[in-house]
Amino acid sequence: MRFALAQLNVTVGDLAGNRRKMEDSLRAATEKGADLLVFSELALSGYPPEDLLLRPRFLRDCQASLHTLAKQTGSMTMVAGFPDGMPDKCYNAAAVCRNGKVVSVYHKGLLPNYGVFDEKRYFVPGASPVFLEIAGVRAALTICEDVWDIEWLDSFLNGDSQKPELILNISASPFHVGKIHQRKETLARCAMHFGCPVAYCNQVGGQDELVFTGRSMVLDAAGKVCAEAAEFEEDLLIVDGAKTDNGVVLTLPFSAYVERHYDPLEEVYHALVLGTRDYVHKSGFSKVVIGLSGGIDSALVAAMAVEALGADNVVGVTMPSRFNSAETQADAKRLADNLGITFYALPIGAMLEPFSKTLTGVPGWDEKGLAYENLQARIRGTLLMSLSNQFGWMVLTTGNKSETAVGYSTLYGDTAGGFAVIKDVPKTMVYRLCDYINARFGREVIPQTTITRIPSAELRDNQKDSDSLPDYPVLDALLKDYIEHDQSPMELIESGYDQALVKRVVRMIDRSEYKRRQSPPGIKITPKAFGKDRRMPITNRYIP
């Protein structure tokens, strides 16, 4: 038998566009003589479709699109993910199509309801397994979470008298650092438990905050990866197998395959680039604008935007006040020159003065406190959004996870924009990514002075981030333990963090939820990102 796994970059709601991509794969797999073609989870609708699933018309259109696609199948069997049913009883489903018809439908049995997943909000679980026979091979059809609980799956499939000779798993598994290792361990455990190969087809591409890596793969009965599709790009993986007395044996010359090992930092870089490209393009934009302060965060965002969209589609704007040093202004220009992007300088001093003078009409206004500092950021946000309105450029914001966590940002200032590229990237990783970019391109893309300069918002004289925040290595470690590992303040203190530091940082995190809720979406790259992963009440008097 020959089977094909098609990992596609689909878009939620683009039923016609998604179907066209699937039709192209159908033709390519047919030309390659495949007996079976497998698409990823909910490939027809795009994943995750969220509350589109509550619209009966959307579900009817998805099912109509499926039948249009099914009509193009011949003797080859095709498995396509789609939502089946109506809002009151909808299934995360996989259709088995052959000879122009839908011959059977599998309904996902295990529905994840943690992290970014909300499947119990939309779907009901299926109750019956579906097997299909391909060239004499008996294959069990599963969807994503089904294989993550081997005991459940064993019980689920054991109702049938015969064990599967091949397990097919269609998936939409989002990226975060280290996820690939969990995925491979899970698939290997499944293969070894059932003593048969596992073919896993994953989605690829960016969808709002989520990035899907692809890396569809086939594992043999011993749990060894024998073939793997590309990472962060569309691919059609073709694998041959033969039925023997000992089960299905994969017959392509897999001895030539060397399992890939990716550097986590490299994966983060590619995830951020892909997520930016897809969010901008899928949202209908072609160009972006970025406020370039001469600092490291905006430099990183600009460099990745150029990689994602091309230099011609990135505009940099520096907006200095009297508090911005000549060095940072020079670095902003140097960065723009290094990247080859359009660059504008719009000094805000002439605007800042009348703004402040107007505010003196309210007794008590002065230029000594935080409000005056934030006024500068809000003027800059207004300028960037005005350029966005005038020219149709999406504003990319430049705040990192460390700042986002503790609210070290100005609402309607540096948080104003359409997409927060590094929203889930800790500050310490920002430095590592900048070094990685310079090493990757073999030149100083991001000025070394930008990387080595003490970080500062430059909203007052001699300002440093460390005036308001702990040193970033300490802060990032604490944030990871509190946010990603859910450690309580007491556990943090017991593990060695300073008590006063813990109380201060936890208070800053919890009090900043209102800012995060009003900030643009950003790409998830850690196990627990702000937004879908971590949903805290804004009005919250619980003191941990």
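The values are calculated or read from the model by the stated rules, or taken from the named source; none is laboratory data. A quick note: this is a predicted structure, and the numbers were derived from the prediction, not measured. A quick note on method: Cβ atoms are made from the backbone with ideal geometry, for glycine too, and the neighbour counts reach across all protein chains shown.
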Response to the item:
Given the conditions (1) assigned to a helix (DSSP H, G or I); (2) among the small types (Gly, Ala, Ser); (3) closer than 29 Å to Leu250 by Cα, every one holds for Ser65 apart from (3)
Worksheet item: How many residues are among the small types (Gly, Ala, Ser), under 23 Å from Tyr122 (Cβ atoms) and free of Cβ contacts under 8 Å to residues at least 40 places away in the same chain if we restrict to the stretch 72-92?
Response: 1
Worksheet entry | Residue list for the stretch 15-38, restricted to those being hydrophobic (A, V, I, L, M, F, W, C) and either crowded, with 17+ Cβ neighbours inside 10 Å or outside the structural domain of Asp61 (by TED's automatic domain parsing) (or both) | Leu15, Met22, Leu26, Ala29, Ala34, Leu36, Leu37, Val38
Worksheet item: Restricting attention to the stretch 437-451, and to residues there that are in contact (Cβ under 8 Å) with a residue 40 or more places away in the chain and surrounded by 17 or more Cβ atoms within 10 Å (Cβ to Cβ), which single residue is farthest from Arg334 (Cα to Cα)?
Response: Ile437
Discussion item. Residue under question is Ser402, and the condition is that it be assigned by TED's automatic domain parsing to the domain that holds Ala457 and over 20 Å from the mean Cα position of the chain (by Cα); does it hold?
Written reply: no
Worksheet item: All but one of (1) surrounded by 19 or more Cβ atoms within 10 Å (Cβ to Cβ); (2) at pLDDT 90 or above hold for Glu484; which doesn't?
Response: (1)
Worksheet entry | Enumeration of residues in the stretch 308-324 that are at pLDDT 90 or above and not hydroxyl-bearing (Ser, Thr, Tyr) | Ala308, Leu309, Gly310, Ala311, Asp312, Asn313, Val314, Val315, Gly316, Val317, Met319, Pro320
Discussion item. Show me the helices (runs of 4 or more DSSP H) entirely contained within the stretch 438-540 in which 1 or more residues are more than 26 Å from Phe419 (Cβ to Cβ).
Written reply: 448-452, 472-479, 489-494, 499-511
Worksheet item: Of the numbered conditions (1) free of Cβ contacts under 8 Å to residues at least 60 places away in the same chain; (2) closer than 25 Å to Asp467 by Cα; (3) out of contact with any Lys or Arg (no Cβ under 8 Å at 6 or more places or on another chain), Tyr431 satisfies every one except a single condition; which is it?
Response: (1)
Worksheet item: With respect to Gly206, is the statement that it is in a strand (DSSP E or B), touching a helix residue (DSSP H, G or I) at 6+ places or on another chain (Cβ under 9 Å) and closer than 27 Å to Thr526 by Cα true?
Response: yes
Practice prompt. Mind telling me which of the residues Pro470, Pro426 ends up being more than 19 Å from Ala308 (Cβ to Cβ) and within 26 Å of the chain's Cα centre (by Cα)?
Written response: Pro426
Worksheet entry | Of residues in the stretch 124-146 being in contact with a helix residue (DSSP H, G or I) (Cβ under 8 Å, 6 or more places away or on another chain) and of a type outside the set (D, E, K, R), the one surrounded by the fewest Cβ atoms within 10 Å (Cβ to Cβ) | Pro129
Response to the item:
Within the stretch 416-436, the residues that are surrounded by 23 or more Cβ atoms within 10 Å (Cβ to Cβ) and either in a strand (DSSP E or B) or β-branched (Val, Ile, Thr) (or both) are Phe419, Ala420, Val421, Ile422, Val425, Val430
Worksheet item: How many of the residues making up the stretch 64-82 are touching a Phe, Trp or Tyr at 6+ places or on another chain (Cβ under 9 Å) and surrounded by fewer than 22 Cβ atoms within 10 Å (Cβ to Cβ)?
Response: 1
Practice prompt. Taking the residues in the stretch 452-466 that are surrounded by 12 or more Cβ atoms within 10 Å (Cβ to Cβ) and of a type in the set (Ser, Thr, Tyr) as candidates, determine which candidate is nearest to the chain's Cα centre (by Cα).
Written response: Ser456
Response to the item:
By residue number, the members of the stretch 217-234 that are assigned to a strand (DSSP E or B) and surrounded by fewer than 19 Cβ atoms within 10 Å (Cβ to Cβ) are Cys226
Practice prompt. Quick one: which residue in Leu383, Leu335, Leu370, Leu396 is surrounded by 15 or more Cβ atoms within 10 Å (Cβ to Cβ), more than 22 Å from Arg432 (Cα to Cα), in the same structural domain as Ala303 (by TED's automatic domain parsing) and of a type outside the set (Gly, Ala, Ser)?
Written response: Leu383
Discussion item. Here is a check on your reading of the model: is Gly195 surrounded by fewer than 18 Cβ atoms within 10 Å (Cβ to Cβ) and at positive phi?
Written reply: yes
Response to the item:
Residues of the stretch 1-59 being acidic (Asp, Glu) and part of a helix (DSSP H, G or I), in sequence order, are Glu23, Asp24, Glu31, Glu50, Asp51
Worksheet item: Scanning for something at pLDDT below 95 and of a type in the set (Asp, Glu), does the stretch 394-408 turn up at least one residue?
Response: yes
Worksheet entry | Hits in the stretch 165-196 (condition: under 28 Å from Leu44 (Cβ atoms) and assigned to a loop (DSSP other than H, G, I, E, B)) | Glu165, Ala172, Ser173, Phe175, His176, Cys196
